[in-house]
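Data block below; observations after.
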Amino acid sequence: MESFKAFRDKLDQEHKWPDAYVFKFIVPQNSVIEFKEEFTNEVFDEKLSKAGNYTSFTLKKILNSSDEVVTMYLKARKVEGVISL
């Protein structure tokens, strides 16, 4: 998680924890099941792309620290082809 140090520092400058944070991920259709398995305890808003090749997942969540934000991104990173916005 050392590679996320600058990102965590920026989050800590912009947020007073606990605070709401919005995650948005674009997931290829062939990875949607894997993505949902990685985030079984989260309730995302889902939207299928026009062509049906991707699904966007959006989640607004109250988190207690920048480390929790980074943890969510690291979980998403495990899924092949995921784009984090």
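Residue by residue through the range 12-17, what is 3J(HN,Hα) from phi via Karplus (6.51 cos²θ - 1.76 cosθ + 1.60, θ = phi - 60°)? Round to whole Hz and write x for glycine and proline.
5, 6, 8, 10, 10, 7
Please get the size of the charge dipole for the chain, origin at its Cα centre, with Cβ charges of +1 on Lys and Arg and -1 on Asp and Glu, quoted in debye to the nearest 20.
Here the size comes out at about 240 debye.
What's the longest uninterrupted piece of the chain once you rule out the trypsin sites (Lys or Arg not before Pro) that are loop residues per DSSP with at most 11 other Cβ within 10 Å?
Between the exposed loop sites, the longest stretch runs 17-49.
Using only Cα atoms and rounding to the nearest 10 degrees, what angle (0 to 90) does helix 66-77 make with the longest principal axis of the chain?
Tilt relative to the chain: about 20 degrees.
Tell me, what % of the accessible area of the chain is carbon and sulfur with a 1.4 angstrom probe?
50
Given a Förster radius of 22 Å and the C-beta distance between I83 and K5 as r, what FRET efficiency does 1/(1 + (r/R0)^6) yield to the nearest 0.05?
Result of the calculation: an efficiency of 0.45.
Just to confirm, what accessible area per residue do you get for the chain at 1.4 Å probe, in whole Å²?
Dividing the accessible area of the chain by its residue count gives 67 Å².
If you work out mean projected area of the Cα convex hull in nm² from the coordinates, which of (i) 7.3; (ii) 6.8; (iii) 5.6 do you get?
(iii)
The values are calculated or read from the model by the stated rules, or taken from the named source; none is laboratory data. Remember, it's a predicted structure, so these values are computed and weren't measured experimentally. All Cβ positions, glycine included, derive from the backbone under ideal geometry; neighbour counts span all protein chains shown. Side chains included, ligands, DNA and RNA excluded: accessible areas come from the protein's heavy atoms. Shrake-Rupley method; radii C 1.70, N 1.55, O 1.52, S 1.80 Å.
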